[in-house]
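Data block below; observations after.
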Amino acid sequence: MESSPSNVEAVCPVCSSTNVVQGEAVEHKKCGCIRPASEFQTEEGTVCPECRSHDGEFEHIGTLSVCSNGHRFDEQAVSIRQPTSDTTPSELLDHDSPIRQSTSWTRRIVTVVLVTLIVTTGIGGAVFAAPYLQDDGGGDGSWETYQSIVVFRNDDPQPYYQSEALSNVHDVFIEEGVPLTDAVIPYPGNESIAGTEFCNRLRTQKANHPDLIEFAVHGYTHSNRQPNFTRGSEFGGLSAEKQQAFLRQGKEAVHRCVGNEPTTFVPPRNTYDNNTVRKMKATGYETISSHEWFTKQYYNQTGVFIQNDVTHVPSTHEFVEQWGPVKLYDRAELERRFDEAYQNQEIYVQTIHYTMFNTSDRIERLRWFVQYTKSKEDVKFMTVGELGRHFRQDTIRKTDGGWRVYESSNSEYTTADRLEMSVKGFWQRIAVVSRAERVMLPLTER
Amino acid sequence: MIRRILSIDWIALFLFALAAVPFALLMFVMSADTVAAIGVLFGCLLGYVVWSYLVVDRWQQFSGVFTPVGLGVLLLLGITGVVAVGWVPALFTAIVQLFALVMFVFFYWVIVLVAVYHYQRDITSYDPKPPYESISILIPAYNEEGYVEKTVSGLLAADYPDDKREIIVIDDGSDDGTFKEASSIDSEHVTAVRKENGGKYSALNYGLLFAEGDIVVVVDADSIVHPDALKKLVAPFDDESVGAVAGQVKVTNRGKLLTDLQRLEYIVGMNVYRRMLDFFGIVTIVPGCLGAFRRDVLEEVSAYDPDTLTEDFDLTLKILESGLTVRVSEAQVYTEVPDTWRDLYNQRLRWFRGNFMTVFKHANTIRKSNDSMLGRVALPIRLVEMFFVPFATWVILGVITWLLVQGAVVEVAALLVFFTSIIALITVFAIHVEGAAWYLPLYAPLFVLGYKHFLDAVMIKSLKDIVTGTSVEWTSAKRVLQREN
């Protein structure tokens, strides 16, 4: 560091005064105050003029000279001066125009085109799968022929009751890749299912397998009963207004539970009446599924049919042979009944009740049966809703050769459904991540 | 009326409004429950901001009602509520996603909206006119040989009355030729002083000893000011309520991916977020590369303190806490940004560590300043940015990675395109306002994935360092010129 020789008089660079006093600058390290050393000296000793504390370190950090006019300067500054270099580099100023400079029309056009491109890309990204998604029955599908149509309907899923059995049943169908309709009770015990942990599990299943699992509404509480109606019915015999209220509330509860709007209704005890069907239509349902014994009795109909603008898909077979005590059909009988329907090219709608499958033996029997139905050639599996949709849209026809079904490359869902599910699926998949056991699921064999 | 209509920048308005399309699509494909949940929480935030504005502007007697703490409680209740009714799964990742979405919506439809309005009203456009205040320009320098002379030359060439300008270069104990370079400048308006090395805050406080102007301007030793910067910088001080003024920072080194990313980051930051803050007069950082302060205000708040690494942030908050406003001007300064990832890491580590230190130091402001937009809005937003967003970013990245592993490529791609398009719109708006290069918005995807995660990772590390008491010291980037030499 250069300093002026001791015999050179200090001159103030501001006013040229030669009356200059040299001193030290002191910093109080605790608060950062920097002042001439003289300002720290008090009667009580060294005190910071800023924070009034004498704690902490006081450090001499530099030398400053003060002239009689109060100008401060550093004598150590080298006295030899050189001319300054060029002014502000002009090339830096050419790149950017000042704020709010008038914008050329070229720039405006480029702006609009660029932005439109960006947003179009955004929109296009959201619907880029559109060529693969067709609304029902349209476009690039083909007619396929099947020997038999098979539907599995699982009645009574509800929270807080044998959830492990429900998981076991779902696992069977998911692992076998066979569609299943879950007929969910919306208000068991008069409490809505929305917001329960049960719903999280259902949403997860739906998110992971949107084309395999359908959720239907199974009555209202499932315990109300009109005793005067056939076998005691929750809906049959009830006033139309009450039925409509139950149908609407049940739909909302299941919708909020699983995140998708259900369009299939499964009446408890397989019984209902014309008011049920009329009010179903008014509340947005499309398909009803009871049992053939009832539709034969009430409508003199068996098989799938359309009445009052609603598609009726009655169940044809039960898994339970007797209810008290519970006894399931044995394998031989299950095999015989299915073979019969298969040979006759029938629509086979199998009802199961998940609560029955609470032992490993029964689960294995279910799995065996599902695999048996899969082992047959030309079997088409559907959910209840899907079958109903085909009938409404006339994309399924019975022929001598079997059942002709129009199949497009998309699933049963519309473009809007698909988009909706893709993002809802995002949410449900997020839910999956939070569960350690589910995170491991794809990596392990079950 | 017609003149007002003609003065509107319709392109900027169009750019802003265009985001309604991707937002509407996003809402359309989401379930009604999710939209409702977002709506509830967004409504809470919006209501709070509107209430805060009214309280600060005219109803100070109600400042104790619906405070930031109250907002926190309300949001907690809101989240609990939407989970309880089943709109959102009761899962950590889902709640993080929900809150991140809400903040995203809030950022665009409140912060960006205010910025657009601020731009349309031309609020930063001050008209500098005589008489001009006397200014003392402090240039703290540590090992800035090769830079300081250019900086001083630019300041001498800037348009300002010579008799009202003095430039003081403070050499903070450099071990190169910085002091010699500064001392050699042949101008009566330039003073070079030298002290023992003590840090930037110390150099600035030392420089104040020699400053005689009514306005103190600080400039970094590696920055070049625009010729009209000084006049524009002091113009806002015509308003007596203004305590400090921030300049606009522009990046000089360009052409590399990393420098272009930072350039875009600065452009968006200054033309969106800072405009919102300026609208309320609560710009929270007067940058060290170009800022101005009233001399008496500096003395009143005891200038720079030694207890943070970001003395500029700390000082600005002290000025705001004193009741004065801090504004943005149109004064421009050109500076270098780090051009290697290591240098950028060092720079941001210091910034973020300093930010946490400063926020902890001023935590009381949030608790007590219920009658200012600083305590009610600016600092809580800062807290969310610093304590929530970095973690949320990485949580969401983990979820996205998991979804890709599961095969949900379509869903991930669609969502990324949505968010990228909105970020791109914001960058295009900022570019349009700035008048900068049009290729920069192409980097928008990296602000959704990549660059953002790098910055957030550094932020998380900084928080960890501060919380665990890791020894923190000044980490700086090596200058391009010095690296080449």
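The values are calculated or read from the model by the stated rules, or taken from the named source; none is laboratory data. Because the structure is a prediction, the values reported are computed rather than measured. Because the Cβ atoms are built from the backbone with ideal geometry, glycine has one as well, and the counts that use them run over all protein chains shown. Accessible surface areas use protein heavy atoms only, side chains included; no ligands, DNA or RNA. Shrake-Rupley method; radii C 1.70, N 1.55, O 1.52, S 1.80 Å.
Here is how the numbers come out for the structure above:
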item: Karplus 3J(HN,Hα) series, Hz, for the stretch A:203-208 with 6.51 cos²θ - 1.76 cosθ + 1.60 (x for Gly, Pro); result: 4, 4, 4, 5, 5, 7
item: Where A:SER16, B:SER223 fall by accessible area, highest first, once all protein chains stay in place (1.4 Å); result: A:SER16, B:SER223
item: Nearest-10 value in Å² for the accessible area of B:LYS368, using the 1.4 Å probe; result: 140
item: Degrees between helix B:148-157 axis and first principal axis of chain B (Cα, 0 to 90, nearest 10); result: 90
item: Value at 222 nm in deg cm²/dmol, rounded to 500, when DSSP H runs of n ≥ 4 in chain B each add -39,500 (n - 2.57); result: -16500 deg cm²/dmol
item: Rounded to the nearest 20 debye, dipole of the protein assembly as shown from Cβ charges on Lys, Arg, Asp, Glu; result: 3360
item: Alpha carbon Rg of the stretch B:38-143, scaled by the compact-globule rule 2.2 N^0.38 Å; result: 1.62
item: Cα-based reach from B:LYS256 at 21 Å (exclusive), listing lysines while leaving out same-chain residues under 8 positions away; result: B:LYS452, B:LYS478
item: Potential extension, A:ARG52-A:GLU340 segment - 0.36 nm per residue separation minus Cα distance; result: 93.5 nm
item: A:ASN190/B:VAL21 FRET efficiency (R0 30 Å; Cβ-Cβ; nearest 0.05); result: 0.10
item: Folded to 0 to 90 degrees: helix B:341-361 orientation relative to chain B principal axis, Cα; result: 80
item: Top positive-direction residue, dipole computed over the stretch B:316-427 with Cβ charges, set B:LEU425, B:THR401, B:HIS362; result: B:HIS362
item: Neighbour net charge for A:MET280 - beta-carbon separation under 13 angstrom, K R +1, D E -1; result: +2
item: Computed FRET value (nearest 0.05) for A:THR116 with A:ASP400, which takes r as the C-beta separation and R₀ as 41 Å; result: 0.15
item: Under 5 Å, built H, 5+ apart or other chain: amide partners of B:VAL242; result: B:THR325
item: Summed side-chain charge close to B:VAL467 - residues other than B:VAL467 whose Cβ falls under 12 Å, Lys, Arg +1, Asp, Glu -1; result: +2
item: Three-way shape label, the stretch A:223-367, alpha-carbon gyration tensor, a/c 1.5; result: prolate
item: Long-range HN-HN contacts of B:VAL169 with modeled amide H, under 5 Å; result: B:ILE139, B:THR191, B:ALA192, B:VAL193
item: Percent of beta bridges antiparallel (DSSP, the stretch A:193-314, rounded to nearest 5); result: 45
item: Full-stretch length increase - B:ILE5, B:SER187 - with 0.36 nm per residue and alpha-carbon distance subtracted; result: 60.6 nm
item: Accessible area buried between chains B and A, both sides summed, probe 1.4 Å, in Å² to nearest 100; result: 7600
item: At 1.567 mPa s and 4 °C, Stokes diffusion of chain B via Kirkwood alpha-carbon radius, µm² per second; result: 54
item: Under Karplus coefficients 6.51, -1.76 and 1.60, residue-wise ³J(HN,Hα) of the stretch A:156-166 in Hz, glycine/proline x; result: 5, x, 7, x, 6, 9, 6, 5, 5, 5, 5
item: 3J(HN,Hα) from dihedral phi, the stretch B:263-276, Karplus parametrisation 6.51/-1.76/1.60, rounded to Hz, x for glycine, proline; result: 4, 5, 4, 5, 4, 5, x, 7, 9, 10, 5, 6, 5, 4
item: Nonlocal amide H pairs with A:SER315, under 5 Å, H built at 1.01 Å; result: A:SER290, A:HIS291, A:GLU292
item: Rg(Cα)/(2.2 N^0.38 Å) for the stretch A:170-269, N = residue count; result: 1.13
item: Amide N proximity, the stretch A:172-190 versus A:TRP368 label position 7 Å along Cα-to-Cβ, cut-off under 15 Å; result: none
item: Environment charge of A:GLY303, counting only residues whose C-beta is closer than 12 Å and scoring Lys/Arg +1, Asp/Glu -1; result: 0
item: Size of electric dipole in the stretch B:352-433: Cβ of Lys, Arg +1 and of Asp, Glu -1, about Cα centre, debye, nearest 20; result: 480
item: Volume per residue that the Cα convex hull of the protein assembly as shown spans, once the total is divided by residue count, Å³; result: 213
